[in-house]
Structure formats: C-alpha cells, structure tokens
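Okay, so here's the structure we're looking at.
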Amino acid sequence: MVVKKSSVKAGSTAKTSLIIPIYNEAGHLLEFLEKVDALVLSTKKELVFIDDASRDNSLEILQNYRFRSEHKILTQGKNQGKGAALHRGISEATGNIIIVQDADFEYDMDEIPMLIDPIAKGKADVVFGSRFKKDGRQVHRTFHYLINRILTILSNILSGLYLTDMETCYKAFRAEIIQNISLESKRFGFEPEITAKVARLKIKVQEFPISYYPRNYLEGKKITWKDGIAALRHIIFFNLFANKREFFSKSLPEKYIPKTANWL
C-alpha cells in the first residue's frame, strides 16, 4: 500500500475521499452515480471508484458518466474481491478523510456528513456508523442481523473495542491512519481486520446510528453464510494470532502509538 501522511488540521482545507468498489452493479449504477455525484459535504469531495473486473457493463457506465465531482476510476485486471478493491482505492485516495461507500442504496449517503464531521473538527480519528444503535429506522433481515451481532460481540471481546456494529460498511478514518495500516484481507474480511488493527491504536473512536435498507440476493446482495464463516476466522486470526508488528507501516505518526506498545 502507498503510504501517505495527509492529515486534518484546524484551518486547513479538508477533503473526503469516498472509496467505492464496483462489481456487477449495472442495474442501478447510473442512479447511484447521479446521487453520489450530487452529494454535498462540508469538505471537498473525491470519488474513488474501483471496478473489480465486472462482467456486466458497470465499467462502461462509469467511464461514460459525466462527473461534476473530482473522481478517479481504477480497474482491476481480474476479480480479486471487495477487500482488494478497497486496498487499492485507499492507497490512491488523496483526501485527508477516507470513508467506505458501497455502490448501492443499502446505506443513506446523506448521513456521510454526520460521520465525517467529528474527524474534520478534530473530535475523532475513526468513526463507525452503526445499523444497530436505536433510532427506530432500521429494518433487518433476521439471519444477517443475528450473524452480525454475534460477530460484533466476538470482535469486541477479543479486540477490547466496544462497538455495536463491527460489520458496518460506513467507516470513516483519518487518512494518515488508514493509509498506514497494512491491509491483507482480499474479500469480505476487511471489516474484522480493520477493526482489530484500529483497536491497537491510541485513537478516538466514535460510533453513530445510521439508516439501513437491506437488499436481497435478487437485488444484487453478494454476502453469503460463507462470508460469515470467513469473518469469524478473520476475527480470531487478527486478534489472537497475527503478528502485531506487521499491522502498521513505519510512517504511522507516533501520536497514535500507545506508549506501552512493543509491537512496532
């Protein structure tokens, strides 16, 4: 991963990079692009698309769309998985705030300003959007709800970081943190991996309730029970067995490293 040292400082002009992996989203992609392109943030905005070797015409739609926003379109030579797409997008983002955005409407992108605002104001370093904090808007599919809650509880026990929704898509970071984390998971292991690694740092983490409108498999949902098993393996591996000395690059600012840390 390309290491960068961008940061959000008082009085500076902040820019938020939305990292958007794309894989076979042609059915609703144009509508999605229109909405994300029109999204207004309190910071400058950069859209970073990574087409993960889509087999439909997603890439063609991307390349033909007339963006008004600053953007990049990256392509993978072969399908490598969501995690691999995120790795590339994060490494090539130029914003000093980075947030993950799926290319669908399960999450309400109008809530992104709420999630990046604490980072832009220096009140947080990492912000998670939680589908499970109580606010009355969430509707869940029972199987996925139960699996997500179980995985989150196990992640909390092993990482020591208390969250209500570890598997959420909406995670916002200071770029100087996420771009100095060595990411390994290629498919849907990104969530437990990044949570385990963030938990090792001396940072301010906040969590806010977000809306959630789950789609079904006919609408393009890609996660299956196999990904739940993989997530379980990632939680155990990155919290208990992975070499902590390899979690972060040497360019990670010292202010994020606990004084008692002996794993760098």
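Any read-out appearing in this document is the output of simple, stated calculations on the displayed coordinates, not a laboratory observation. As the structure is a prediction and not an experimental result, all values here were calculated from the model. FYI the Cβ positions are ideal-geometry reconstructions off the backbone, even for glycines, and counts take in every protein chain you see.
General remarks:
- Highest average packing first - 47-53, 31-37, Cβ atoms within 10 Å: 47-53, 31-37
- Partners of LYS244 within straight-line reach, counting aspartates and glutamates whose Cα lies under 20 Å from its Cα and excluding those fewer than 8 residues away in the same chain: GLU176, GLU184, GLU191, GLU193, GLU254.
- Equivalent-ellipsoid semi-axes of the chain, from the Cα gyration tensor, Å, largest first: 26, 22, 19
- Ordering of 191-197, 77-83, 232-238 by burial proxy (mean other Cβ atoms within 10 Å per residue, highest first): 191-197, 232-238, 77-83
- Alpha carbon convex hull of region 22-165, volume per residue in cubic angstrom: 145
- Cut-off under 5 Å, modelled amide H: who pairs with LYS202 long-range: ILE257
- Note on region 69-140: Rg/Rh from C-alpha atoms, Kirkwood Rh, equals 1.00.
- On the beta carbon distance between ARG149 and SER211, with R0 = 25 Å, the FRET formula returns roughly 0.90.
- Helix-only [θ]222 nm of the chain, DSSP H runs n ≥ 4, -39500 (n - 2.57) each, per residue, nearest 500: -9500 deg cm²/dmol
- When +1 charges are put on Lys and Arg Cβ atoms and -1 charges on Asp and Glu Cβ atoms, the dipole computed for the chain relative to its Cα centre reaches about 1040 debye.
- Contour excess over end-to-end distance, with Cα ends at ILE229 and TYR162 and 0.36 nm allotted per residue: 22.0 nm
- In terms of distances greater than 26 angstrom between alpha carbons, the cross-link table entries LYS82/LYS121; LYS82/LYS123; LYS123/LYS259 yield LYS82/LYS121; LYS82/LYS123.
- For the chain, averaging the sequence separation of C-alpha pairs within contact (under 8 Å, six or more residues apart) and dividing by the residue count gives a relative contact order of 23 percent.
- Computed from the C-beta positions of ILE203 and ALA38 and an R0 of 30 Å, the FRET efficiency is 0.40 to the nearest 0.05.
- As a rough guide to protection, the peptides 13-22, 251-260 ranked by mean Cβ packing within 10 Å, highest first, stand as 13-22, 251-260.
- Distance between the modelled labels on ALA261 and ARG55, one decimal in nanometres: 4.2 nm (7 Å Cα→Cβ projection).
- Here the gap between GLN63 and LYS244, fully extended at 0.36 nm per residue and compared with their Cα-Cα distance, gives a gain of 61.2 nm.
- The calculated FRET efficiency for LYS134 paired with HIS28, based on their beta-carbon distance and R0 = 35 Å, is about 0.75.
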